[in-house]
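One structure below.
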Amino acid sequence: MKILIRQVYRRILITLTSVLFLFPSYSQTFTSDKLSGQQTNCLRSQSINTDLPTGYNILFAGSGECLLCHNSMTDAGGKPIGILNDWRSTMMANSAKDPFWRAKVSHETLVNPAHKEALEDVCIRCHAPLGYFDAHHLGQEYYSIDEMVSDSLALDGISCTTCHQITYETLGSYSGNLLIGISKQIWGPYTEPFAPPMINQTGYTPAYGEHIRNAGLCGSCHTLITNSVDENGEPTGTVFVEQAIYHEWLNSVYPDMGITCQACHVPEIPDTVKISLMPPWLDGRSPFGKHHFAGANVFMQKIFSSNIEELGITAESIHFDSTLSRINSLLTEASIDLALTEMGRTDDTLSFQLSIQNLAGHKLPAGFPSRRVFLELLLKNEENDTIFHSGKLDGNFNLIAEDEDFEPHHEVINSEAQVQIYEMVMGDIEGNVTTVLERAYQHLKDNRIPPEGFAMTHSSYDTAEIAGLALEDPNFNIEGETEGTGSDILFVHAPISDEPGSIEVIVRVFYQTVSPRWLNDMFEYNSDEIDLWEALYNEAEKLPLLLKEETFISLPTETLENTGEPLKIYPNPTLGKIRVDNAGSQMKEIVIYGINGEKIKNIVTDKEHKTIDLTGYKGLYFVKVVFADDRILTKRVIVL
Ligand code: HEC
Ligand code: HEC
Ligand code: HEC
Ligand code: HEC
Ligand code: HEC
């Protein structure tokens, strides 16, 4: 009964609005009026907006159908925040045109030709949902790449009518198993939307759906669990977790704080925004979520932006510039904190610790298995000559020190032959490294830095496990007894072979979307898609993106001893108490470290000598003294 009334009501409204608004002539006049008052870059983009696909299939509409009303909004300061212009240059808007994705689909099908239909179908599910779900809704068993490339709606990527038609019932589903509504409802964040113009123009009804702000909406695609096969293409009978951003997020401090995927990737502004160009008297809504979807893929954004025609992209380079700068600021300002502490220096070794704190709502890096974050550790002497260099790239942007199979996680780095790489490494059923997604059977390594609050006892842990040597590292996501720091502490003992002067220590943290090595296996195959991707890859700017850089200067030990200010620590070895005596130099701080760099004591003082009680400790410790004039000196002490 209720439904019937609603339908009748809706029909009346539709008729009413057709008369009231006199589409389309009304809307055209209104659009051009509005445009004349806007900024030029907005005008320019509006003038090519026809590129966005229009038209409908059974379930979906091309994003071009939403353009008329949802692209002209401005924030309180008058800055354009058009939803279409923000979205069109994102990774999700271009997911079906992504040349890396297309090449990878081709690679997978060349490795296992018998699975071609099923593979293409599953890859398209998340990357071109408008094609996949419509075809399946019509009873088609497999939807293919051939069909997709001539289907303008499928090429629209993860577009407006995907997210806004995902049903509440989808929440909790993974691997792109979306339940797309069939009632032509477009769910949004506001209650009681004024529906007639949209119904009239598009046939879709805007409606309030709380779940649009639920992280599970994103989790439905950002969790990918695959069925693995062996080298003969036979099912191994087990599943493999390829991506688990949602479970990583569940296992963090963020759900309890109400910080969802949307909070960081669809940033809300409190401004009151008129969300549709028409009707003219529409009230503003607040808060408004900006469709930024900035992630980490600067690399592919640049490829899109410089190959717009070749890849058939509907966004212009000005749009990519905006998305790129958003990704850049997310990566450089909101992804990590980096801190360095000098632990001590002897004639042959400079020791320091570095701590990387993950600030993202999931692992860092996260998502697709080719992503990695690595560290460059550089020591330079007074002449600016490099005396230690870990994390060096060769001319092809591969890491020189990376082991043949894969580089293990490091707790300590004491040689240039070691490099710290935070990554997930896939292994096949034989235990060999593989980049074939379908063969992925086990995680040989996963030391991607967990988000704050991540715990091995959490119910989502088995979907987002740590793997490899990071499990044995007492400073990986743990400090003392506390699990869930969301950070990794690395100790570096860099050989400095009697370097007499001061040494500059530079630590850089880089993000690499996909290393050349990761693509080796794919480039052994040939197809149009792989060849195109190889050509684009070869000409692309491959320098990894710098997330953070920190430096400090280590002063030589000799400075102190030569100026007659010896640091005395006695008795050494000791049974407990030690006296730190600097014969005339005022101290600022004394820090005692254990052998693994863990901080035992931290004493702030303004004296020239100090007695410290180490009763209860046993073994080798480092006593670091920071002087009032910022010089640092470290000595070893043995507690019996
Ligand atoms: C459950 C949804 C889902 C399915 C199914 C899926 N993907 Fe993806 N894919 C994603 C998401 C989400 C990302 C982005 C993650 C990120 O940026 O780190 C992605 C990213 C990628 C990328 C990286 C693109 C780039 O520009 O860096 C490639 C390559 C890729 N997928 C290949 C495939 C292939 C091949 C298949 C089929 C075997 C497939 N995907 C199936 C969700 C999916
Ligand atoms: C990846 C999923 C996704 C896609 C794609 C998407 N949206 Fe949204 N949209 C959201 C989410 C999430 C919100 C709620 C934002 C909030 O308030 O936190 C939203 C909110 C909105 C709103 C309310 C105003 C606002 O921005 O808060 C409108 C209107 C809207 N979307 C239209 C569109 C149109 C038009 C497109 C196509 C260009 C689109 N959306 C594409 C997820 C999506
Ligand atoms: C003719 C103008 C028009 C077109 C075209 C149009 N809409 Fe709307 N849309 C509106 C109006 C009006 C509202 C309600 C605004 C309000 O009440 O503040 C709305 C509201 C929305 C909302 C918010 C719903 C809520 O309750 O939070 C979403 C999401 C949305 N539209 C998505 C779309 C999508 C996707 C398309 C393209 C398929 C589209 N719209 C096409 C006029 C339009
Ligand atoms: C606290 C803020 C925050 C939350 C919450 C958050 N993210 Fe992120 N996300 C980031 C930051 C910062 C980056 C860039 C650094 C990185 O790659 O991890 C990022 C990167 C990404 C990437 C690219 C990953 C890569 O490394 O290539 C994807 C995809 C993504 N987020 C999706 C999600 C999804 C889905 C959720 C919800 C389940 C989510 N994010 C929750 C902050 C957040
Ligand atoms: C229909 C499946 C689907 C849904 C739903 C979805 N995503 Fe995505 N998302 C993808 C795919 C596929 C990609 C990768 C496209 C590519 O790289 O070619 C992606 C990419 C991204 C990226 C860019 C990652 C990078 O490396 O730059 C971000 C950020 C992101 N999604 C956030 C979200 C958020 C937030 C939501 C929920 C509001 C969401 N996604 C919902 C499938 C989806």
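If you bin all the Cα-Cα distances of segment 485-533 at 5 Å, starting from zero, the percentages per bin are 4, 11, 14, 12, 10, 11, 9, 11, 9, 6, 3, 1.
Fewest to most neighbouring Cβ within 10 Å: what's the order for Ile478, Ile356? The partial results should precede the final answer.
Working: Ile478 16, Ile356 25.
If I rank by nearby Cβ atoms, fewest first, I get Ile478, Ile356.
Relative to the present Cα-Cα distance, how much length would full extension add between Tyr190 and Glu333 at 0.36 nm per residue of separation?
On the way: separation 143, 0.36 × 143 = 51.48 nm, distance 3.07 nm.
Once the chain is fully extended between Tyr190 and Glu333, it gains 48.4 nm.
Neighbour counts of C-beta atoms inside 10 Å place Trp101, Trp281 in the sequence Trp281, Trp101, starting with the fewest. Determine which aspartates and glutamates satisfy two conditions relative to Lys635: a Cα distance under 15 Å, and not lying fewer than 8 residues away in the same chain. Result set, ordered by chain and number: Glu342, Asp347, Asp348, Glu558, Glu561, Glu565, Asp581, Glu589.
From the helices alone, meaning DSSP H stretches of at least four residues, give me the mean residue ellipticity at 222 nm for the chain, per-run term -39500 (n - 2.57), in deg cm²/dmol to the nearest 500. List each step's numbers first, then the result.
Working: 21 runs with 172 residues, N = 640.
Dividing the helical sum by the residues of the chain leaves -7500 deg cm²/dmol.
Treating the Cα atoms of segment 483-640 as identical point scatterers in vacuum, please give the log10 of the normalised Debye intensity I(q)/I(0) at q = 0.09, 0.11, 0.18 Å⁻¹, two decimals. Per q value, in the given order, log10 I(q)/I(0) is -0.50, -0.63, -1.19.
Determine the alpha carbon to alpha carbon distance for each of Lys116/Lys392; Lys548/Lys568; Lys274/Lys548; Lys363/Lys542 and list only those over 30 Å.
Values: Lys116/Lys392 39 Å; Lys548/Lys568 37 Å; Lys274/Lys548 38 Å; Lys363/Lys542 23 Å.
Too far apart for the 30 Å limit: Lys116/Lys392; Lys548/Lys568; Lys274/Lys548.
Determine how many Å³ per residue the convex hull of the Cα atoms of the chain encloses. Please list the in-between numbers first.
On the way: hull volume 120.0 nm³, N = 640.
Convex hull volume per residue, Cα atoms: 188 Å³.
Sorted largest first, the principal axis extents computed over the alpha-carbon atoms of segment 335-554 equal 57, 44, 30 Å.
Of Tyr593, Tyr525, how do they rank once you tally other Cβ atoms within 10 Å and put the fewest first? Don't skip to the end; give the middle numbers.
On the way: Tyr593 23, Tyr525 16.
So the residues, fewest neighbours to most, are Tyr525, Tyr593.
Taking Cα atoms, how many degrees apart are the long axis of helix 116-127 and the longest axis of the chain, rounded to 10 and kept between 0 and 90? The angle comes out at about 80 degrees. The value obtained for segment 557-639, namely the Cα convex hull volume divided by the number of residues, is 82 Å³ per residue. Label point of Glu504 set 7 angstrom out along Cα-Cβ; within segment 375-412, amide nitrogens under 17 Å from it belong to 376-390. Candidate cross-link partners of Lys79 among the aspartates and glutamates, defined by an alpha-carbon separation under 13 Å and a same-chain spacing of 8 or more, comprise Asp271.
What FRET efficiency comes out for Asp321 versus Leu471 if R0 is 45 angstrom and r is the Cβ-Cβ distance? Round to the nearest 0.05. It would help to have the intermediate numbers written out before the result.
Details: r = 42 Å, r/R0 = 0.94.
Calculated value: 0.60.
Residues of segment 252-268 falling in the label zone of Glu483, defined by backbone nitrogen less than 13 Å from a point 7 Å along Cα to beta-carbon, are 252.
Read-outs: derived from the displayed coordinates by stated rules, not from any lab. Given the structure is predicted, the values throughout are model-derived calculations rather than measurements. Reconstructed Cβ throughout: ideal geometry from the backbone, glycine too, with neighbour counts over all protein chains shown.
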